[in-house]
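FYI, it's all coordinate maths here, none of it is from the lab. From a predicted model like this one, the values you see are computed outputs, not experimental measurements. Virtual Cβ from ideal backbone geometry, glycine too; neighbours counted across all protein chains shown.
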Amino acid sequence: MMQRRRFLEATTMAGALAALARPSLAAESAAKKAVEAAKQYAGTEISIVWEAGLQALDPLNFSGPLWEKETGIKVKVVEVPTSEMFTKILQEHRAGTGAYDALNVIPAWMPDLVRAGALEQLDEYVDKYGYRDELQDIAPVYRDNQMTVDGKIYGLPDDGDVFIMYYRTDVLGDPKIQEAFKAKHGYDLPVPPKTWKEFDEVGALITEVTGGKPYGAAFIRDPAQGQFMFQERFRNEGGIFFDAETMKAQVNSPAGVKVFSDWVAENKWMPPGIENFGFVENLAAFLQGDTAMTLSWPPYGRWAAGYGTDEAALNWVPKSTVAGKVGYAVSPGGHPELASGFALSISASSANKDAAYLFIQWLNSRDISIQRVQLPFALRDPFREGHFTSEEYKSRWPEAPQYLAALQEAANTGILDLSILQTDRYEEAIRQGISRLWSGEDPQAILDDVAAQWDATTERVGVDKQKAAYADWASKPNAYPPKA
Amino acid sequence: MTQQNVHRHDRRFGYAMIAPAVAIILFIGLFPLIWTLLVSVQNISLIDEDTSFQGLLNYQRLMSDTRFWEALGHTLLFTAVALPLELILGLALALLFLEELPGRPVFVALLVLPTVISPIVAGAAWRLLFDNRFGPINQVISWVAGEPVTILWLNDPNFVYAAILIAEVWQWTPFMFLLLFASLTNVDPSLGEAARIDGAGFWRTLWSITLPVIRPVIVIALLIRGLDLFRIFDVIWALTKGGPGTRTETISIYAYVQGFQQFETSYTAAMAFVIIVILTILVMAALKRVEIAR
């Protein structure tokens, strides 16, 4: 295990150093420019807020030490649980302590953080340190949607979070299941299912034929993460969050009720207790071969293939029993959620803005980011065009080319998390709605309440202010699936 | 110096001596209260720059906030069920351990163990126990039922209150036991013996002799636990986060959500002030009862 880890560290370190040292590229690369400019700050320390847990192993074990070696600037990693990051960043900003220099920010928070004055505008730094060209390599869906507020840069998109579908090729390709499917539904079993109707028919039939060994599918039903799934499916069913003129919530429209009703129906052929499945439970079920299909974030695909799971940091991940039997595809409906993600920003109250900016430019750069997205333990997912096509990445496991192709396709067609003023209040209403759904309440009644809560929040924020924020968000190319 | 002047001088000296202590108490006790009141009449939130004076708007909003009243109802329900349960079980255990039982010190030490565990840890442990897939509780029920049973303890409205109450009562009954046990050991045994000589049975002796003697301790124990239950947060947060929906949301959870997730600082201050008023009334009423009892 240690040998593999040392090998990985050595190759990533060597790759990064080699990339920096290449003379032709070195003169132009944003990483090199950042390192050269940062040397004047040698001996100082910068802090960066990072999601606690696996995510933070990137700056702790890889990028932080490498940056210090290159520039002499020490990096202090402030680990904060995701649920507290927004609060901590705002509280620190209000207190004006300057305790945080660089930040990891979920893009959906950006309008609120910008409005609170907590984020430094980055356009000037991007130009000053010559990063604009390399920004163009970031996949358009992240670059055009998760970088700016009102046309100004406040974050460097740094994590290609997107839901994709994982399915068992051996189960869906089983002739017995295929025959049973055709006999029941009158058409060939689609591999993979492309619509939710197909998905539900395939999943239900697998459970029926196998008696639950494996179950047709499982999902993350926990409200905290399930709300991303709701946002995705609601829009794939044609749902619109608000009436753009009146800002009245439309979440209780037939599209919303259909999603909730379908979820309840699906639970019947999913594993018992599916209502409590979170990220880990769903992952364990898939990796142990208990389920034939699922939707989730990109690390599922890597761990299902067994990539890096012998790392000590990943010893909590169940050993994959499905390596080599997993297919990857865009979610049914064709427009997966770009759920969460992270952008790198600078705190407006930082006393080390230039040094902090140079660090995030370096992290985000073409040369360094390709190394970071291949760290098996750090959860950063491909977000640059070059990541999807990297030959090095494609060679990591046999099915990696298909995995990267699925991620790229998902990134091209993905849809954004809702991001308006005080977004969390709207998300909280959905979370509560999902929680009530699992307690057996009527979908229409729940969604009527959710819509009422949304309207009340809009009133409190101010209809006109929110209307402008929604118009800004809805005008982004990936806010809604393109109209057919 | 006349007698009157000496008396006046002594009084002044007395006031001067206690003045620092009074000032500190006022600062510690009243300053947060006044500050909360001031914040509650403004429009402070972490997100908005506008902090203008709002008057009683937050209180008006609170009065029509059904979620607040529901949370208050849930809190009172938890208190009304858990408090008597803890009292009865604690008293029963205290009476049991009054007898000289073999290994009594060991059992008492084991019994007290839940109380020293952090409530959030206790909640997390019970969450594992109630887990519908891997939790032992469902497994034991399945063995008894002879078929797989999947009770969604923390999702199903029919079970979620029971689950929370089991965890809460498990953790805090020992506290009640400790107070009552200490109090019972101080009851003069001759009182019970005299009653028994007069023909009183166990229940009669308990009702007419023991309980009246330890009544002040019972009231204090109920007061302490009642206040704790009114502020109940950790165990519910660990188990359900107030769900499903807001069905188990208590006043403390709602205040936390408003203050630290929705960043409604002023609104939360108004809520806190109303809670303080309610608690003050309850505590004063309880203390009055103690006074009467004495």
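With a 10 Å cut-off around each Cβ of B:82-90, the average count of Cβ atoms from other chains is 0.
Note on chain B: with charges restricted to the Cβ of Lys and Arg (+1) and Asp and Glu (-1), its dipole about the Cα centre is near 740 debye. Suppose R0 equals 51 Å; then what is the FRET efficiency for residue A:124 and residue B:231 from their Cβ-Cβ distance, rounded to the nearest 0.05? The calculated FRET efficiency here is 0.55. Would you mind pulling out the separation of the Cα centroids of segment A:244-312 and segment A:42-72, in Å? Between the Cα centre of segment A:244-312 and that of segment A:42-72, the gap is 32 Å.
Farthest towards the positive end of the charge dipole of chain A, among the residues A:330, A:264, A:236, is the Cα of A:330, using unit charges on the Cβ of Lys, Arg, Asp and Glu. Placing one identical point scatterer on every Cα of segment A:383-484 and ignoring solvent, what is log10 I(q)/I(0) from the Debye formula at q = 0.15, 0.18, 0.19, 0.21 Å⁻¹? Computed log10 I(q)/I(0) values: -0.82, -0.92, -0.95, -1.03. Among B:151, A:106, the order by Cβ neighbours within 10 angstrom, fewest to most, reads B:151, A:106.
Each peptide in B:258-264, A:409-415 receives the mean, over its residues, of other Cβ atoms within 10 Å, and ordering these scores from highest gives A:409-415, B:258-264. In order along segment A:238-254, the Karplus-derived 3J(HN,Hα) couplings, from 6.51 cos²θ - 1.76 cosθ + 1.60 at θ = phi - 60°, round to x, x, 10, 5, 9, 6, 4, 7, 9, 6, 6, 5, 10, 5, 8, 6, x Hz, and Gly and Pro are given as x.
Where both bridge residues fall in the protein assembly as shown, DSSP classifies roughly 60% of the beta bridges as antiparallel. Taking amide H positions as placed in the peptide plane 1.01 Å from N, state which residues far from residue A:384 in sequence (5 or more) or on other chains have amide H under 5 Å from it. Under 5 Å from the amide H of residue A:384 lie the amide H atoms of A:139, each far enough along the sequence or on another chain. The relative contact order of chain B, computed from alpha carbon pairs under 8 Å that lie at least 6 residues apart in sequence, is 30 percent. Where a ≥ b ≥ c are the square roots of the eigenvalues of the C-alpha gyration tensor, would you call segment B:1-143 rounded, which needs a/c under 1.5, or, failing that, prolate if a/b is larger than b/c, or oblate? Verdict is oblate for segment B:1-143. In this Cβ point-charge picture (+1 for Lys and Arg, -1 for Asp and Glu), segment B:161-294 has a dipole of about 200 debye about its Cα centre. Amide H to amide H distances under 5 Å link residue A:343 with A:105, A:106, A:158, where only residues 5 or more positions off or on other chains count and H is placed in the peptide plane. Could you tell me the relative contact order of chain A? Use alpha-carbon pairs under 8 Å, at least six residues apart, and round to a whole percent. Once divided by the residue count of chain A, the mean separation gives 25 percent.
For segment B:39-48, putting each phi into the Karplus relation 6.51 cos²θ - 1.76 cosθ + 1.60 with θ = phi - 60° gives couplings of 5, 5, 9, 10, 10, 8, 9, 5, 8, 8 Hz, in residue order, rounded to whole numbers and with x for Gly and Pro. Each listed q (0.07, 0.11 Å⁻¹) maps to a log10 I(q)/I(0) for the protein assembly as shown, found by the Debye formula over equal Cα scatterers with no solvent: -0.63, -1.31. Taking a straight Cα-Cα cut-off under 18 Å and skipping sequence neighbours fewer than 8 places away in the same chain, the lysines within cross-link reach of residue A:88 are A:76. Taking amide H as placed 1.01 Å from N in the peptide plane, residue A:289 has its amide H under 5 Å from the amide H of A:321, each at least 5 places away in sequence or on another chain. The lysines within cross-link reach of residue A:176, meaning a Cα-to-Cα straight distance under 30 Å and a gap of 8 or more places when in the same chain, are A:184, A:194, A:197, A:213, A:268, A:319, A:325.
Which lysines, on any chain, are close to residue A:69 with Cα under 25 Å apart, when same-chain ones fewer than 8 places away are left out? List returned: A:32, A:33, A:39, A:128, A:353. Counting Cβ atoms of other protein chains within 10 Å of each Cβ in A:431-440 and taking the mean gives 6. Output needed: percent of Cα pairs per 10 Å distance bin for segment B:66-293, bins running from 0 to the one holding the longest distance. Histogram of Cα-Cα distances, whole percents per bin: 7, 26, 30, 22, 12, 3, 0.
You can think of it this way: the chain between residue B:27 and residue B:92 has 19.1 nm of extra reach, that is 0.36 nm per residue less the Cα-Cα gap. Take segment B:35-78, drop everything but the C-alpha atoms, weight them equally and run the Debye formula without solvent; then report log10 I(q)/I(0) at 0.20, 0.34 Å⁻¹ to two decimals. Result of the Debye calculation: -0.73, -1.07.
For the residues of A:449-461, the average number of beta carbons from a partner chain within 10 Å of their own beta carbon is 1.
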